[in-house]
Amino acid sequence: MTMDTQEMIDLCKRHTMFSWAASGAVDPLPIARAEGVYMYTPEGKRYFDFNSQLMCVNIGHGHPKVRAAMKRQIDELLYVFPGTATEPRARLGKVLADLLPGDINTFFFTLGGAEANENAIKAARLFTGKHKILSRYRSYHGATNACMQLTGDPRRWANEPGMPGVIRVMDPRPYDFSFGETEEEQTARNLQYLEEVIMYEGPQNIAAMIIESVTGTNGVLPPPKGYLAGLRELLDRHGILLICDEVMAGFGRTGKWFGFEHGGIVPDIVTMAKGLTSAYAPLGAMGVRDAIAEYFRDHVFWGGLTYNAHALGAATALAVIEVMKEEGLVENAARMGQAMRAEMDRLVAKHPSVREGRQIGLFGMMDIQKNSRGELLAGYNETHPAMQRFGQKLREEGLFTFVRWSSFMCNPPLCVTEEQLLEGFAIIDRALDITDEVFEG
């Protein structure tokens, strides 16, 4: 017998804990099924998934080809320990080697993005013999012990102290920025500053720098012009590895298979999860270039967990990648990104409370301002009653996304049509009347 909404909520709140929240204050969204870009409550109310859940359900919900592949794998082989060879593992390694640019040909399979990033740090330290890791304040790399310290946002605070050896640096674009600065100026200024930090910390001590190729949760910030190429050159000059975290940006989200491809570079290590399986099953991966892979043919890689290279996850990833290719979802993300850009520009022109919209492909975020000086409506790690009412209005009208501080996410599944995209922005348009009411002029 299917649970009704209230029973589902009550039992979840009574017997389970929720992430990043005091469980007593949680107001969970009850979902019974999902298909394409929509989710449904037990009573049938429809929600447009305008955030692909956690920027992960890239192919949309419930794709029949992927579900069929998962069922076949369940009937063939579910679990063997990570020291075995399996057909899904063998096939997925080859598919990813063909998909990734350059000489990233070898992969270590994990359960998710945080675990992939933990292993990337291990690999960089073991390969270089150096200890320190550079990361950026506006990054988010996961909720495990080491990754919490790589992460710059306030979720880190309650998890300190953690892994030592992390040096956090400022991003190319400051949190409180001036619109007059060009992207080239941002790049030049940040790289000059970063080289000075490297000098103070000693390049002989720094194993790697980890970045989100497009900053995700903390702003959806595409790198300014020339940044990725300039960073690659700077780190190479000082013998520091570059790790690109593609957990959110990867698998078509930005209109290319991987976000770093927009900069024309190849990182030394790349991490991935989320879109790798479209979140239909847990799986992450760390990919390394040939020189690093060759090192670990003769040296032990000191990492591993029970579920690494799980057969069901690997089979799911193979089916997801096949669907993405067959249906041209990376190309659709690039096309629909243009439609998203037009809608964001329209809302900026119409609503005085909208400061700006940022997007690359179908990776987007919009900021709300409180006055014509461009001050954000809520401070860093704070909220505002109007943002809370704005979020409630979106939910009332059947649109699911994340509202955080002074911003809200625009990350629909890559299968979204232009008609559906306009439907979502029409709901946002109506809700923005709430933030316009508190705009101070």
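Per-structure values
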{"read-out": "Cα centre as origin, Lys/Arg/Asp/Glu Cβ charges: the stretch 65-326 dipole, Debye", "value": "620"}
{"read-out": "Kirkwood Rh (inverse of mean 1/r, distinct Cα pairs), the stretch 330-394, angstrom", "value": "13.0"}
{"read-out": "Average projected area [Cα convex hull, the stretch 1-147], square nanometres", "value": "13.4"}
{"read-out": "Sorted by Cβ density within 10 Å, fewest first, the residues 372, 407", "value": "372, 407"}
{"read-out": "Helical contribution to [θ] at 222 nm, DSSP H n ≥ 4, -39,500 (n - 2.57), averaged over the chain, rounded to 500", "value": "-12500 deg cm²/dmol"}
{"read-out": "Residue 381 paired with residue 137, simple spin-label distance in nm, labels 7 Å along Cα-to-beta-carbon", "value": "1.2"}
{"read-out": "Simple spin-label estimate for residue 196 and residue 12 in nanometres, 7 Å along Cα-Cβ", "value": "4.8"}
{"read-out": "Using a Förster distance of 56 Å, the FRET efficiency for residue 81-residue 335 (Cβ separation, nearest 0.05)", "value": "0.80"}
{"read-out": "Net charge dipole size for the chain [Lys, Arg +1 and Asp, Glu -1 on Cβ; Debye, nearest 20]", "value": "640"}
{"read-out": "Likely footprinting exposure, 12, 415, fewest C-beta neighbours within 10 Å first", "value": "12, 415"}
{"read-out": "Computed lengthening from residue 295 to residue 170, 0.36 nm per intervening residue step minus Cα-Cα distance", "value": "41.8 nm"}
{"read-out": "For the stretch 120-222, convex hull of alpha carbons as volume per residue, Å³", "value": "105"}
{"read-out": "For the stretch 106-167 versus the stretch 287-364, the gap between their alpha-carbon centres in whole angstrom", "value": "19"}
{"read-out": "More than 13 Å apart - percent of Cα-Cα pairs taken over the stretch 136-187", "value": "59"}
{"read-out": "Cα-based radius of gyration of the stretch 65-326 once divided by 2.2 N^0.38 Å, which approximates compact folds", "value": "1.00"}
{"read-out": "Leading residue at positive end of dipole, the chain (Cβ point charges), from 16, 249, 336", "value": "16"}
{"read-out": "For the stretch 68-112, radius of gyration divided by Kirkwood radius, i.e. Rg to Rh on alpha-carbons", "value": "1.01"}
{"read-out": "FRET efficiency, 1/(1 + (r/R0)^6) with R0 35 Å, evaluated for residue 184 and residue 205 via beta carbons", "value": "0.70"}
{"read-out": "DSSP-defined antiparallel bridges as percent of all bridges, the chain, nearest 5", "value": "65"}
{"read-out": "Residue 32 paired with residue 68, simple spin-label distance in nm, labels 7 Å along Cα-to-beta-carbon", "value": "2.7"}
{"read-out": "Over the chain: Rg over Rh, Cα atoms, Kirkwood Rh", "value": "0.96"}
{"read-out": "Positive-end residue of 361, 306, 133, charge dipole of the chain with Cβ unit charges", "value": "306"}
{"read-out": "Taking 340, 39 and counting other C-beta atoms within 10 Å, the order from fewest to most", "value": "39, 340"}
{"read-out": "Equivalent ellipsoid semi-axes - Cα gyration tensor, the stretch 69-172, angstrom", "value": "32, 17, 14"}
{"read-out": "GNM flexibility winner over the chain from 364, 112, 102 (Cα, springs under 10 Å)", "value": "102"}
{"read-out": "Bridge type composition, the stretch 65-326 - antiparallel percent by DSSP, nearest 5", "value": "40"}
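Computed from the coordinates by the stated procedures, all read-outs in this text should not be read as laboratory data. On a predicted model such as this, the values are computed, not experimentally measured, just so you know. Backbone-built Cβ (ideal geometry, glycine too); neighbour counts: all protein chains shown.
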